[in-house]
Amino acid sequence: MKKIQVFFLIMIMFFLTSCKKTKKPYVPDDCNQIFPVEFVDFIQGRPLYITSLGQSIDIEMLVTRLNFYGITNYVIEYVLDFEETQVEDNAVIFLVVGASIKGLGDSDRTIEGEIQRIEELRQYKLSKNLSYVTFHLGGIYRRGETSDSLIKEAFLIADLAIYLEDGNFDGYLCRLGKENNIPYVGCATYRELDNALLSLYNLQP
């Protein structure tokens, strides 16, 4: 009986230790965790559109957080069509990147098609004076060869990149920002993510 009790005690301690580790993701050295001051009040009443690159459900998590703070003045389209939606000039577009095989299948999309969308976004950016904020929010589950190819292209057209550190376990997202001179901020917690979102509007929590 005592051996069984000791076994369960060890298992509980292991579980609790594992939980503590997941709450504090590893942050590689020299990765920025300070919101760039030049992007405070970046939206400034500009039209906001939200779209997915990779068709993951991460876009819904972002929208939920915006709604929680009373930010509801936006247009959300999983596959944003500039002609049908009539995207306004000088708008800000949130690009939520992360490949989901199920999401792509359900929407009859492919990675190649999503990368083509990024090229279209690049072209529209100049013609309509748009600003892009790229988000990676799916953590390790939205990483890997398929997602990484999409992430790279989405970061390269970004004016600002915001990501959760769970997805930056190998420093890849951080390196993309530094090597391509893209302003970025890594958020170790959801509270930090919320603070970054509110900073774009110059709002207090």
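Results, tabulated for the structure shown:
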{"read-out": "Among the residues listed as Gly144, Gly139, the single one being under 14 Å from the mean Cα position of the chain (by Cα) and surrounded by fewer than 19 Cβ atoms within 10 Å (Cβ to Cβ)", "value": "Gly139"}
{"read-out": "So Phe94, is it open to solvent by 10 Å² or more (accessible area, probe 1.4 Å) and either among the β-branched types (Val, Ile, Thr) or in contact with a Leu (Cβ under 9 Å, 6 or more places away or on another chain) (or both)", "value": "no"}
{"read-out": "Residue in the stretch 107-127 that is closer than 23 Å to Asp30 by Cα, in contact with a helix residue (DSSP H, G or I) (Cβ under 9 Å, 6 or more places away or on another chain) and not basic (Lys, Arg) present", "value": "no"}
{"read-out": "Residues that are acidic (Asp, Glu) and at pLDDT 95 or above, drawn from the stretch 68-82", "value": "Glu77"}
{"read-out": "Where Gly103 falls short, out of the listed (1) within 15 Å of Ile162 (Cα to Cα); (2) touching a Lys or Arg at 6+ places or on another chain (Cβ under 9 Å)", "value": "(1)"}
{"read-out": "All positions within the stretch 150-172 that are within 15 Å of Leu95 (Cα to Cα) and part of a helix (DSSP H, G or I)", "value": "Leu150, Ile151, Lys152, Glu153, Ala154, Phe155, Leu156"}
{"read-out": "Odd one out for Ile115 among (1) open to solvent by 10 Å² or more (accessible area, probe 1.4 Å); (2) in a loop (DSSP other than H, G, I, E, B); (3) touching a residue at least 24 places away in the same chain (Cβ under 8 Å)", "value": "(2)"}
{"read-out": "Boolean, Ala196 is of a type outside the set (Ser, Thr, Tyr), open to solvent by less than 10 Å² (accessible area, probe 1.4 Å) and not in a helix (DSSP H, G or I)", "value": "no"}
{"read-out": "For Ile182: the one exception among (1) out of contact with any strand residue (DSSP E or B) (no Cβ under 6 Å at 6 or more places or on another chain); (2) open to solvent by 10 Å² or more (accessible area, probe 1.4 Å)", "value": "(1)"}
{"read-out": "Filter pass, Tyr163 being hydroxyl-bearing (Ser, Thr, Tyr), within 30 Å of Gly45 (Cβ to Cβ) and surrounded by fewer than 17 Cβ atoms within 10 Å (Cβ to Cβ)", "value": "no"}
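The values are calculated or read from the model by the stated rules, or taken from the named source; none is laboratory data. These numbers come from a predicted model, not from an experiment. FYI the Cβ positions are ideal-geometry reconstructions off the backbone, even for glycines, and counts take in every protein chain you see. When the accessible area is computed, the model is the full protein with side chains, heavy atoms only, and any ligands, DNA or RNA have been set aside. Shrake-Rupley method; radii C 1.70, N 1.55, O 1.52, S 1.80 Å.
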